[in-house]
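The values are calculated or read from the model by the stated rules, or taken from the named source; none is laboratory data. Nothing here was measured: the structure is a model prediction, and the numbers come from that model. With ideal geometry, Cβ positions are generated from the backbone for all residues, glycine too; neighbour counts draw on all protein chains shown.
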Amino acid sequence: MRVIREIPLLRSVLPATEICLVPTMGNLHHGHLALVKEARLHAECVAVSIFVNRLQFGPHEDFDKYPRTFSEDVDKLEAAGVDVLFAPDETSLYPARQTVVVTPPPFADDLEGRFRPGFFHGVATVVLKLFNCVHPTVAIFGKKDYQQLLVIQSMVEQLNVPISIVGSEIVRDSDGLALSSRNTYLSKEERTEAPALYAVLRKAARRIIDNPGDVLPTCEQASQELTHRGWRCDYIEARRRSDLGLPEREDSNLVLLGAARLGNTRLIDNIEFNTAPSAAL
Ligand code: PAF
């Protein structure tokens, strides 16, 4: 595996074949490695980027304490057979103040955007920069960040970026907790409680399948259940999968998205489902 930190060098080592890029912020876990495995199905050359992107963190968020485990990450990617690791430092990706930014579509102001203003501007901007450095034909993003995936899909469609975006399934621990670098912030007690977010989402999705008219009360009840368990719930919302719009009665492909804080750790998760009466979760 070639580890490249400089953009001009990257251009000279990347092959002329098809490239699949997996953008990450490092602190790699099995969820990232599943993206790498998926990437192998899409191109001869698999490139991973590691860059903790200051632009997507709010002033009071965890940029400084975000876990950075570069040498362990390199070992994991090497073992996973990655061809190129692009790990620019801040000054090579942002040599000057970034005054040109991507404005994400309006649905980015909702859900995560409501609680993390500017987050998707930062994500879309860095992802476009990474695309312009690596020139992939395909890029893979995890569905745990469901709204992020849709923002990137809209960006490439509307800006005619010639890259296919692939969403990869959420990887969970055996107790249901979605893998996330931020899980490392959880105390032992919080880690025991953390799978409740997914359990509550599953229960609510089941209830919506059984009573499709009860979307709002179901989401409210799910949010209250988390509150009673000691979480601070930012949102639990059912949306159309295609564009995250509010579901109408005829919409059957839905996603239930949740974000809540346990102690100082903010976790997000979601579950895709279909409201057809016999739908399984
Ligand atoms: O999902 C992430 O890890 C980040 O938001 C991404 C896509 C690598 C952009 O910094």
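Summary of computed values
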read-out	value
Restricting segment 12-39 to residues that are touching a residue at least 60 places away in the same chain (Cβ under 8 Å) and charged (D, E, K, R), the residue that is nearest to the ligand (Cβ to nearest atom)	E38
Criterion (at pLDDT 95 or above, part of a loop (DSSP other than H, G, I, E, B), away from the ligand (no atom under 14 Å from the Cβ) and among the charged types (D, E, K, R)) met by exactly one of D64, D75	D64
Residue in segment 167-180 that is of a type in the set (V, I, T), in a strand (DSSP E or B), at pLDDT 95 or above and under 13 Å from the mean Cα position of the chain (by Cα) present	no
Test for A43: is it touching a strand residue (DSSP E or B) at 6+ places or on another chain (Cβ under 7 Å), over 26 Å from D173 (Cα atoms) and more than 13 Å from the ligand (Cβ to nearest atom)	yes
Lone qualifier among V123, V100, V84 - being within 26 Å of C45 (Cα to Cα) and more than 15 Å from the ligand (Cβ to nearest atom)	V84
Qualifying positions in segment 126-150 - polar (S, T, N, Q) and more than 9 Å from the ligand (Cβ to nearest atom)	N132, T137, Q147
Positions within segment 198-233 being of a type in the set (F, W, Y) and under 13 Å from L257 (Cα atoms), in sequence order	Y198
Close pairs (6 angstrom Cβ cut-off, 6 or more residues apart or separate chains): in contact (Cβ under 8 Å) with a residue 40 or more places away in the chain in segment 190-209, outside any helix (DSSP H, G or I) and aromatic (F, W, Y) anywhere	A205/F273
